[in-house]
Every structure is written in structure tokens, then in C-alpha cells.
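Visitor: I am attaching a structure below and will ask some questions about it afterwards.
The values are calculated or read from the model by the stated rules, or taken from the named source; none is laboratory data. Only a predicted model underlies this, so the values are computations on that prediction, with no experimental measurement involved. As a convention, Cβ positions derive from the backbone with ideal geometry for all residues, glycine included, and neighbour counts pool all protein chains shown.
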């Protein structure tokens, strides 16, 4: 009953992808819970490991992903060091 009511309220009397409401909800929730890192935290983390920011595209304050391009400017530490 709840499945039918939910789909009616959302204008989805039929499942478009053949998924039940339960799997639709799991699909929508995806990676919740998730952790958000501020751009400052990302810069500090990578700068401490020898990377410099080359390009940045932000989501502009909206929902979405920021895109970063970093380049290593110092040699990588020996295996097992600096991680």
C-alpha cells in the first residue's frame, strides 16, 4: 500500500526501471552517509604531500562536485613514508 501511495504522489504509478520502491530508495540514497571535505582541507592535505593546484572547477555553491587538478612538484616519499 505504501509503495502504491508513494508512486501515486510522485506521479509514478508504474516503476519505470522495473525496480521496487525499496531499491529505488536505496539507489537514490546511494552513498549516504558520506563525508564532505572542504576545498581548504583538500588543499592542505595535498600540499603537505608535495602537490600544487593547477586547475579548479567549483560547483558554484550548488549541489555537485568540485573538480581539482593537482600536480606533484616534489618527489614522492619512499614507500610507506609520509602517508
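Visitor: Would you call residue 55 modelled with pLDDT of 80 or more, surrounded by 10 or more Cβ atoms within 10 Å (Cβ to Cβ), touching a strand residue (DSSP E or B) at 6+ places or on another chain (Cβ under 6 Å) and assigned to a strand (DSSP E or B)?
Guide: Spelling it out, it is not the case that residue 55 is modelled with pLDDT of 80 or more, surrounded by 10 or more Cβ atoms within 10 Å (Cβ to Cβ), touching a strand residue (DSSP E or B) at 6+ places or on another chain (Cβ under 6 Å) and assigned to a strand (DSSP E or B).
Visitor: Taking only segment 21-49 into account, find how many residues are in a loop (DSSP other than H, G, I, E, B) and either on the phi > 0 side of the Ramachandran plot or modelled with pLDDT of 75 or more (or both).
Guide: Final tally of qualifying residues: 7.
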